[in-house]
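J.: The structure follows.
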Amino acid sequence: MTIRLGDIAPNFNAPTTEGEIDFHEWKKGRWAVLFSHPKDFTPVCTTELGYTAKLKADFEKRNVKAIGLSVDSVEDHRKWTKDIERTQGCEMNFPMIGDADRKVANLYDMIHPNASDTLTVRSVFIIDPNNKVRLTLTYPASTGRNFDEVLRVIDSLQLTDGYKVATPVNWKNGDDVIIVPSVSNEDAKKLFPNGWDEKTPYLRVTKQPKVG
Ligand code: BEZ
């Protein structure tokens, strides 16, 4: 099943390192970052999981819960946790789904057979409080993801949900933003009373309305 932007993230029940969960219940009212890694006890995955644990406060600030997944068992995740904590200097503070039967991996199309028949690729799904999928990312096994980029996308999504703006290339929270083309100049005067820099009629740059 292909999951596309705007789709409702499929619900599932699964065992995790923090007990059995119903995914929609677990994330109720919050954003979620659901991400898969290829295999426990592997080096790149160890760094990714450790870094994600260190982002706990950044996720909390944005009302986000993180949850990992691989086709290993919860028992293996628990054993591996000790290595992650020791080598990455963190405390694991989010659940990892044990998906040995590949139920969730198949539901979210996380196994790409031409990359590997058996292992999940590095998928990321950002899911909003209404359970809508807002971002999908797929990375190969050999390339660790940039979880600061995941936070940056969440900042952009939360900002652009609230204001009629879009965020430009390499935008970071606090940088100038773009007034969406569907807003007329007349309406923009009311929405952006501090004005904008009109580089072309469709490229109008303004201060970020909310810095958080
Ligand atoms: C890793 O996490 O280091 C890894 C996992 C699977 C294949 C290659 C690298």
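The values are calculated or read from the model by the stated rules, or taken from the named source; none is laboratory data. A quick note: this is a predicted structure, and the numbers were derived from the prediction, not measured. With ideal geometry, Cβ positions are generated from the backbone for all residues, glycine too; neighbour counts draw on all protein chains shown. Please note that ligands, DNA and RNA were not included when accessible areas were found on the heavy atoms of the full protein model with its side chains. Shrake-Rupley method; radii C 1.70, N 1.55, O 1.52, S 1.80 Å.
J.: Can you give me the number of residues within segment 104-134 that are touching a strand residue (DSSP E or B) at 6+ places or on another chain (Cβ under 7 Å), crowded, with 17+ Cβ neighbours inside 10 Å and of a type outside the set (D, E, K, R)?
T.: Total meeting the criteria: 12.
J.: Now, a different point. Taking the criterion of being of a type in the set (S, T, N, Q) and open to solvent by 100 Å² or more (accessible area, probe 1.4 Å), would at least one residue in segment 175-184 satisfy it?
T.: Within segment 175-184 (the criterion being of a type in the set (S, T, N, Q) and open to solvent by 100 Å² or more (accessible area, probe 1.4 Å)), the answer is yes, since at least one residue qualifies.
J.: To continue, here is another question. Filter segment 137-162 for residues that are of a type in the set (Ser, Thr, Tyr) and surrounded by 17 or more Cβ atoms within 10 Å (Cβ to Cβ); which is farthest from Val104 (Cα to Cα)?
T.: Applying the filter and picking the extreme gives Ser156.
J.: Return the residues of segment 31-68 that are open to solvent by 10 Å² or more (accessible area, probe 1.4 Å), out of contact with any Leu (no Cβ under 9 Å at 6 or more places or on another chain) and more than 13 Å from the ligand (Cβ to nearest atom); say none if nothing qualifies.
T.: Across segment 31-68, the qualifying residues are Lys54, Lys56, Ala57, Glu60, Lys61, Asn63, Lys65.
J.: Give me the strands (runs of 3 or more DSSP E) completely within segment 157-209, filtered to those with at least 1 residues that are farther than 27 Å from Arg62 by Cβ and modelled with pLDDT of 95 or more, ordered by residue number.
T.: The strands (runs of 3 or more DSSP E) meeting that bar are 197-200, 203-206.
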